[in-house]
Structures are given as structure tokens and as C-alpha cells.
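Report on the structure given below.
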Amino acid sequence: MSLIVQKFGGSSVANADGIKRVARRIVDTQKAGNDVVVVVSAMGDTTDDLLDVAEEVTGRAPGPSRELDMLLTAGERISMSVLAMAVNSLGAKAQSFTGSQAGMITDGVHGSARLVEVNPNRIQTSISQGNIAIVAGFQGMNRQTGDITTLGRGGSDTTAVALAAAMDADVCEIYTDVDGVYSADPRVVPSARKLDTVTSEEMLELAANGAKILHLRSVEYARRFNLKLHVRSSFSQNEGTIVIPDNPEEFEFENLKEIPLEQPLISGVTHDRSQAKVTVVGVPDVPGSAAKVFGLLNESNVNLDMIVQNISTDRSDVTDISFTCDQAQGGKAVEVLTNHKAELGFEEIKYNDSIGKLSLVGAGMKANPGVSFAFFDALRAAGVNIEMISTSEIRISVITDIDHLDEAVRAVHTAFGLDAEQEATVYGGTGR
Ligand code: ADP
Ligand code: ASP
Ligand code: MG
């Protein structure tokens with residue numbers, strides 16, 4: 001008997017029909033002779049709707065807090081219980097569990113808590129009694145305080161992977177509103193190509209650079225535990241994308257003809273609209289300036305992405321330092337630097353959140369010097385101006401003006417021959 005962990009995202013359970021469809025799918029999996037543990041997200045855009053309510057009652061965008069976590073976890077409680085009811089009404093047995101009941105123990109960082117322990121004893125007991133166990137995604141409990149925490153937006157994927165790892169599941173299936181991982185977001189590039197397989201190394205880069213199909217931490221977690229992930233649609237029976245663990249020989253890939261021996265040059269193009277760019281203009285060009293700037297940002301827990309330092313064109317004694325961070329942290333970054341203006345000795349700060357990040361990802365680019373040229377040439381041909389550049393061994397990223405982002409993604413996708421003949425299907429969701 002196999003143990004399968006199935007995670008259903010918000011768009012898969014957006015309304016009563018969705019809940020009933022998912023319930024049938026889960027029951028079919030059990031009837032086929034498997035033990036089934038389900039992780040479910042909040043229905044549709046519930047999490048965003050709850051955030052809107054918090055903003056309405058406080059008059060500002062809510063920051064992470066104990067109360068916000070309490071509020072947001074309510075979304076997953078609704079979907080877990082109604083899904084259990086739907087399964088029960090099909091004649092199978094289901095029990096629902098909150099994150100803390102399922103043994104998801106976290107640290108105390110509200111809004112982005114990290115798992116410190118997973119004790120799925122109650123889940124194990126429940127399935128051994130013939131139940132389908134349904135667990136609320138993206139939440140846990142801080143054992144020291146007993147407070148409820150959330151793992152961060154999109155974190156239900158991580159709940160699923162963590163449970164699958166703790167219970168030694170045979171596979172963790174991530175059900176969503178598209179047929180798998182594509183060479184680009186099908187909402188932006190309709191000609192995106194579905195990938196049958198992707199290595200966990202590439203998936204990490206895709207997820208870290210905006211492909212929100214998988215929560216980044218779920219990919220890291222699956223990689224650490226050598227767990228097989230299958231990303232697929234809950235709206236179709238199509239085979240999805242297998243995220244190949246680092247030791248694939250330990251797994252049976254019964255539904256795949258073979259694991260490709262050589263990876264294609266490029267696996268995909270991602271985009272990210274959630275970043276902001278901060279430029280500290282006219283910093284004294286002396287040793288220690290950058291250390292002071294980044295020391296202050298570090299103390300304020302601002303997570304940085306790209307960093308560029310340029311010598312000022314008209315003066316040799318000062319330099320400009322630019323960096324990108326999450327828009328949600330941009331205000332904090334500007335504030336902390338402005339508060340230390342005298343000490344840092346800069347002239348002004350520029351803030352721009354009308355930017356987008358585009359990344360080209362592929363393990364094959366490691367040994368291929370032509371990739372950079374083809375990438376920048378595609379952007380040139382599309383008339384896209386580049387504001388910043390960063391690279392890793394298997395990725396090139398640029399910052400562009402937000403208005404040119406989608407066009408730039410499509411141009412790069414086409415230039416690398418990634419366009420499929422058939423349009424990708426987006427089955428649901430609002431893309432919010
Ligand atoms: P869920 O609610 O199931 O967790 P998400 O909205 O978090 O779903 O993730 C699925 C969405 O991710 C898709 O609808 C798609 O628009 C987006 N997406 C972004 N990049 C990619 C990609 N490379 N491949 C597939 N989907 C992608
Ligand atoms: N409901 C949460 C969110 O919208 C968690 C998840 O869906 O993974 O971010
Ligand atoms: Mg998601």
C-alpha cells in the first residue's frame with residue numbers, strides 16, 4: 001500500500017463544486033488502494049479577502065502579527081472542514097486537522113514561521129483507522145507560546161512536503177490550476193511549454209525568481225529529504241511535472257518514459273512583480289560604506305535580492321549603491337537608511353516600485369557562453385531597457401520597467417525556442 005500526500009491549492013477548492021470535485025478525486029485515490037493525506041489551502045482568494053478586511057479595520061496594509069496569523073489561518077480551517085464533509089458524504093471517512101493538531105511545530109516568527117518539528121502522530125492514527133486525513137495548509141504552532149503561526153504566502157505547499165517527508169510518503173502531489181510547471185507563467189505566455197520533468201536545482205531557481213507554482217521552501221524541503229514532487233492539475237487527469245530529486249535512481253518513474261540524460265539548455269523564463277529598487281545616491285567612496293548600509297538593512301531584517309554599486313559618473317569621491325528587496329519591505333529599507341543619513345553621508349535616496357524582474361533559468365547554460373548574448377539580444381530587439389543585472393551558474397536576471405515586463409518575458413521565451421504549438425490551459429484561479 002502506498003502513502004500519497006495530495007495538496008490542493010485555493011483555485012482547486014474555490015467553491016462548492018470545486019470542493020466536491022476534489023473530494024471525488026481524493027476518494028478515488030483511496031479506493032485505488034492508497035493511504036491518503038490531504039493538505040488544503042483556503043478557498044479561492046479567501047486569504048487576500050481576509051487581508052483586505054484587516055486593512056479596512058486598521059486603515060493600513062497589515063504587517064505580520066499574532067492576530068493576523070489567527071485571522072489568516074481561519075481560511076484553511078473552512079476549506080479543511082467542508083472538504084471533510086464532502087468526502088464523508090461520498091461514503092468514505094475523513095477527519096480534518098488544523099496545523100497544530102497535525103503536529104506542525106514552528107518558531108515564533110509570525111507571517112513567515114519556519115518549521116522546527118513535525119509530529120504527525122494524530123494523522124498516522126487517523127489514516128490507520130481508515131480515514132482520509134485532511135490538514136489545513138500554511139499554519140503551525142509555536143510550542144513556547146502556544147500561539148498560532150503561518151508559514152508565509154503560498155506555504156501550503158511546504159505543509160504538504162513536510163508531512164510527506166515526516167510520514168515517508170511515496171509521492172507528494174501538488175494539485176493546482178495548470179497542468180504542471182511550464183517554461184513560463186501560462187497567464188503571461190500562452191505558448192508556454194509544459195515540462196515533463198525539471199531538476200530540483202532548476203526548480204529552486206524558478207521558484208526563487210517568481211514562478212509561484214511552488215513555494216520556494218517546499219522545493220528546498222523536498223530536496224533535503226529526497227522526496228518526489230508531482231505538480232499537476234486538479235481539473236484534468238493529465239500527467240504533470242515531476243520535480244526530479246537529486247538521487248533519481250532511488251525512485252520509480254513509472255509514468256515517464258525516461259529521465260532525460262541531458263537537460264535542455266533552458267528550462268524556463270520567470271517574472272516577478274513584487275520587488276522594489278532602492279538607490280542610495282552619493283555614498284562616500286571609502287572602505288566600509290557598503291558595510292554600513294547593508295549592516296543597517298540586516299539589523300532591520302530587510303531581505304535583499306540584487307545589489308549593484310556604480311561609481312558616480314561626474315564625481316570620483318562618491319558612489320551610488322542600488323539594491324532590490326520585496327515591495328513590502330521597501331518602506332522599512334528607506335526609513336532605516338534615511339534615519340542614518342548623517343552617519344552614512346549619502347545625498348539622497350531614490351525608491352522605485354514600478355519595476356519587474358525577469359530571469360532565464362537552465363542548467364544547460366552552465367557550459368554555454370552563447371546564452372548571455374542571445375538573452376541580451378532578445379531584450380534589445382524587443383526595445384527593453386535593462387536597469388540591473390545579476391547571474392548565478394544557471395540563471396541570468398534583469399530588472400526592467402514594469403510596463404515592459406510581460407513583453408520582455410514573451411520575447412525571451414520565443415528567442416530561446418521555448419514556444420509550444422498548442423496554447424497552455426489555465427483551468428481556474430484569478431492570478432491574484
Ligand atoms: P495554488 O492556488 O494551486 O497554490 P498558485 O496560484 O499558487 O496556485 O500557483 C499556480 C499559478 O502559478 C498558475 O496559475 C500560474 O499562473 C502561476 N505560474 C507562475 N509561473 C509558472 C510556471 N513556470 N509554470 C506554471 N505556473 C506558473
Ligand atoms: N492560503 C495561503 C495563501 O493564499 C496559503 C496557500 O495557499 O498556500 O497564501
Ligand atoms: Mg500556491
message: Suppose we filter the stretch 407-418 for residues that are open to solvent by less than 50 Å² (accessible area, probe 1.4 Å) and assigned to a loop (DSSP other than H, G, I, E, B); how many remain?
response: 2
field: Odd one out for A162 among (1) closer than 19 Å to I134 by Cα; (2) more than 16 Å from ligand 3 (Cβ to nearest atom); (3) small (G, A, S)
entry: (2)
Unmet requirement for H404, which otherwise passes all of (1) open to solvent by 10 Å² or more (accessible area, probe 1.4 Å); (2) assigned to a helix (DSSP H, G or I); (3) touching a strand residue (DSSP E or B) at 6+ places or on another chain (Cβ under 7 Å): (3)
Every residue from the stretch 217-241 that is crowded, with 18+ Cβ neighbours inside 10 Å and small (G, A, S): S218, A222, S233, S234, G240
The listed residue being farther than 21 Å from A164 by Cα, within 16 Å of ligand 3 (Cβ to nearest atom), not hydrophobic (A, V, I, L, M, F, W, C) and not in a helix (DSSP H, G or I), out of G63, G75, G44: G44
message: Quick check on S300: is it surrounded by 15 or more Cβ atoms within 10 Å (Cβ to Cβ) and either in contact with a strand residue (DSSP E or B) (Cβ under 7 Å, 6 or more places away or on another chain) or farther than 30 Å from E202 by Cβ (or both)?
response: no
- prompt: For the subset of the stretch 179-209 comprising residues that are open to solvent by 30 Å² or more (accessible area, probe 1.4 Å) and under 18 Å from D305 (Cα atoms), which member is farthest from ligand 2 (Cβ to nearest atom)?
  reply: E205
- prompt: Mind checking whether some residue in the stretch 11-22 is within 16 Å of ligand 3 (Cβ to nearest atom), under 16 Å from I132 (Cα atoms) and part of a helix (DSSP H, G or I)?
  reply: yes
message: Can you pull out every residue in the stretch 349-377 that is polar (S, T, N, Q) and modelled with pLDDT of 95 or more?
response: N352, S354, S359
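Residue-wise test of (1) among the hydrophobic types (A, V, I, L, M, F, W, C); (2) surrounded by 17 or more Cβ atoms within 10 Å (Cβ to Cβ); (3) at pLDDT below 95; (4) in a helix (DSSP H, G or I).
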residue	(1), (2), (3), (4)
A113	yes, yes, no, no
I127	yes, yes, no, yes
G140	no, yes, no, no
T145	no, no, no, no
L163	yes, yes, no, yes
D168	no, no, no, no
Y175	no, yes, no, no
task: Please verify whether the stretch 77-94 includes one or more residues that are at pLDDT 95 or above, more than 21 Å from F8 (Cα to Cα) and within 25 Å of the chain's Cα centre (by Cα).
output: no
Candidate set from the stretch 196-211 (those that are farther than 18 Å from F235 by Cα and in a loop (DSSP other than H, G, I, E, B)); member that is nearest to ligand 1 (Cβ to nearest atom): A211
- request: Residues being exposed (fewer than 15 other Cβ atoms within 10 Å of the Cβ), under 30 Å from M1 (Cα atoms) and either within 11 Å of ligand 2 (Cβ to nearest atom) or not aliphatic (A, V, I, L, M) (or both): count how many of those fall in the stretch 31-80.
  value: 2
field: Counted residues, the stretch 301-331 - those being of a type in the set (K, R) and touching a Ser or Thr at 6+ places or on another chain (Cβ under 6 Å)
entry: 0
query: Can you name the residue in the stretch 262-274 that is surrounded by 21 or more Cβ atoms within 10 Å (Cβ to Cβ) and modelled with pLDDT of 95 or more and is also farthest from A333 (Cα to Cα) among such residues?
result: G268
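The values are calculated or read from the model by the stated rules, or taken from the named source; none is laboratory data. Source: prediction; values computed, not measured. When we count neighbours, we look across all protein chains shown, and the Cβ atoms used for this are built from the backbone with ideal geometry, even at glycine. For the accessible areas, the whole protein counts, side chains as well, though only heavy atoms, and no ligand, DNA or RNA atoms are used. Shrake-Rupley method; radii C 1.70, N 1.55, O 1.52, S 1.80 Å.
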